[in-house]
Amino acid sequence: MGGLIGFWRLYRRRRMAVAGASALLGVFLVALLAAVISPGDPWDMAGRPLLWPGQEVGFPFGTDVLGRDILAGVVHGSRVSLAIGFAATMAALLLGVTIGAIAGYFGGYVDDVLMRFTEIVQTIPSFLLILVLVAIFSPSAVNIVIAISVSTWPPVARLVRAEFLSLREREFVQACIVLGMSRPRIILTQVLPNSLAPVVVISSVMVASAILNEASLAFLGLGDPNIMSWGTMISIGRNSLRTAWYMVAIPGIAIIITVMALNLVGEGLNDALNPRLRGR
Amino acid sequence: MAQATDPGADGANPAPPLLRLRGVSVTFKTSKGLSPVVRGLDLDIRAGETVALVGESGCGKSVTALSILRLLPPAHASIGGSILFEGRDLLSLPLKDMQDVRGDSISMVFQEPMTSLNPVMTIGEHLVETIRQHRRVSRAEALRQGIELLKAVRMPDPERRMAEYPHRLSGGQRQRVMIARAIACRPKLLLADEPTTALDVTVQAQILALLRQLQQDFGIAILLITHDLRVVADFADRVVVMYAGRKVEDTVAGRLFGAPQHPYTQGLLAATPRGMRDAAGGRRRLREIAGTVPDPMAPPPGCPFQPRCSRAIEQCGRELPLLGPADGDGLVACFRPGAAP
């Protein structure tokens, strides 16, 4: 508990990090209260099509080409974007941490094989890989999550490997071997908790990029056609960009706010968790 | 005790030693070729005995301790010979059984206490996981035992220390925690690899007194690895002097200081400050041993100490002196052993 309080004391020193955390909290609240803020299905044609924001009382953000409430879309889309962002990041972390930990702890040819594989994946442009994977399999939410995680784990693996390479030589690991602990136990209970700080930092940025990736997919028409995400909304509005730009701009701003917030949080975490910056 | 301290009288004592090293050699694979670091070492440690292993840096003393617990990376070091612990050869034990020996029957204390504790775990967590590694006890019972262990290592305020993180402890306190972990499962043998080198002199004395106390309370045999002969003098029953991977002298501690036989041992003693003991002639200059330790990959022919030895004769450059009974007691590997000229 003392550690958490100390962490918050370091974190709140950066005003932008606190702003990012508040914005993120706001997005979370909107996602949580989506059914309260705008009850009903965001796909419902609720009003006259192509209403500009503020044109009619019931639709503060206006409506799209088919008369769907844009506020409802943004509110419900936050759930989809956050869910895909966090799910894809979790899956990528699971993959990356496992591969990086094994490579870094065991070293030798295990490390060589895993790292060459990691580099091969890393040389493929990640968005292209996501695009191909989603195009081959059907564009469902689960497949989008899988595709994003499969193409974004390499940096995590390399980060965790580097941490493990230095941590495994530390004397407390030797001390655990001397006390008779097995290798899986040492990896999970001793080394892993020590390597998590940079992983926590990178993961907030990964959530942001996963949200962007999902939006990009949806924009290209490869989003899950059954769920209303911010990317879906942009792709719907794309055709009338010149006449009704608000249809693209509003979900776009939602993406910008969320991604910015996640990046600011990442930066704040980095400063608070980095021991070299402590005491400044 | 007379039997236990006489390394030459194996046959006279029916009880086999706790630990018996026979012809142990350790070879490191380096980029330049094979480097033999330990060459054919024989070593016996009896239950409850303290044996000190002394020698300069690079003589193979730490490597010997690490090979007993099989801590050297197999990809980079090969171990030959046999290491019998209670009759079982540790070198041929499956890894799973070796993990059961580590920390339970044989444990080890390292030189560097500052980094030997996991920075993200409390002292209590360290002790609980150590106890539960080898004993099937509840968390509550392990916590209780942990507090007892901290009391046994004279840690002030043990209940409060349990909840603290390592960075709040001083070096001496951390070494106490490391010793508590090492004795948590009542091992029969404790390998202490320069346990006091990284500590302040006053703390050194406390830690040594603690080790001595624990040895008496629990009957633990200790293999103390050190280059500090002052530590050896009031701590060890027997002293084994190593030079260039070989045992050159093996004798009772008192005798080593009274009448060292090997010229290398004499050199080590002459290079050790002894304070007030030879105050008769006022200030006494410390003598260093000329030259350096030979390269393990290109040892000189004959006796490895011959190039640095003031007593060397022609035979020393040709033949390797074998370990033989010394004048009176113990073993020595020298063609011209005896008191310094």
(request) Can you check what the net charge comes to around B:GLN173, using other residues whose Cβ is under 11 Å from the Cβ of B:GLN173 (Lys, Arg +1; Asp, Glu -1)? (result) +3
(message) Can you give me the long-range amide H partners of A:ARG68? Hydrogens built in the peptide plane at 1.01 Å from N, cutoff under 5 Å, separation of 5 or more residues or another chain.
(response) A:ALA46
(message) Rolling a 1.4 angstrom probe over the protein chains, ignoring ligands and nucleic acids, what is the accessible area of A:ASP41 in square angstrom, nearest 10?
(response) 80 Å²
(message) Only bridges whose two residues both fall in the protein assembly as shown count here: according to DSSP, what percent of them are antiparallel, nearest 5?
(response) 65 percent
(request) Give the ranking of A:TRP230, A:TRP8 by solvent-accessible surface, highest area first, calculated with a 1.4 Å probe. (result) A:TRP8, A:TRP230
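Would you mind telling me the antiparallel percentage of the DSSP bridges in chain B, rounded to 5?
Among the beta bridges of chain B, antiparallel pairing accounts for roughly 60 percent.
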(request) On the full set of protein chains, 1.4 Å probe, figure out the accessible area of B:ARG139 and give it in Å² to the nearest 10. (result) 130 Å²
(message) What's the total accessible area buried between chains B and A, using a 1.4 Å probe, rounded to the nearest 100 Å²?
(response) 1700 Å²
(request) Equivalent ellipsoid semi-axes for the range A:32-264, as square roots of 5 times the alpha carbon gyration tensor eigenvalues: give them largest first, rounded to whole Å. (result) 44, 18, 13
(message) Over chain A, with a Gaussian network built from C-alpha contacts below 10 Å, which listed residue (A:ASN213, A:ASN263, A:ASN194) shows the highest mean-square fluctuation?
(response) A:ASN194
(request) Heads up, I need the accessible area for A:SER209: 1.4 angstrom probe, whole protein in place, Å², nearest 10. (result) 50 Å²
(request) Please label the shape of the range B:118-168 as rounded, prolate or oblate, based on the square roots a ≥ b ≥ c of the eigenvalues of the alpha-carbon gyration tensor (a/c under 1.5 means rounded; beyond that, a/b larger than b/c means prolate, else oblate). (result) oblate
(request) Check the straight Cα-Cα distances from B:LYS61 and name the lysines below 25 Å, setting aside those fewer than 8 residues away within the same chain. (result) B:LYS29, B:LYS32, B:LYS188, B:LYS247
(message) Over chain A, with a Gaussian network built from C-alpha contacts below 10 Å, which listed residue (A:GLY77, A:GLY266, A:GLY180) shows the highest mean-square fluctuation?
(response) A:GLY180
(request) Between A:MET181, A:MET233, A:MET247, find the one with the highest GNM mean-square fluctuation for chain A; connect C-alpha pairs within less than 10 Å. (result) A:MET181
(message) Helix check for chain A. Which DSSP H runs span at least 27 Å along their own axis by Cα, with a mean Kyte-Doolittle hydropathy no less than -1.0?
(response) A:70-106, A:192-219, A:246-273
(request) Along Cα→Cβ, 7 Å out, is where each label goes; now give me the distance between the ones at B:LEU286 and A:ARG185 in nm to one decimal. (result) 4.3 nm
(request) Quickly estimate the mean residue ellipticity at 222 nm for the protein assembly as shown, helices only: each DSSP H run with n ≥ 4 gives -39500 (n - 2.57), and the total goes over all residues, rounded to 500. (result) -15000 deg cm²/dmol
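The values are calculated or read from the model by the stated rules, or taken from the named source; none is laboratory data. These numbers come from a predicted model, not from an experiment. All Cβ positions, even for glycine, are placed from backbone atoms using ideal geometry, and neighbour counts span all protein chains on display. We work out accessible area using only protein heavy atoms, side chains counted, and drop any ligands, DNA or RNA first. Shrake-Rupley method; radii C 1.70, N 1.55, O 1.52, S 1.80 Å.
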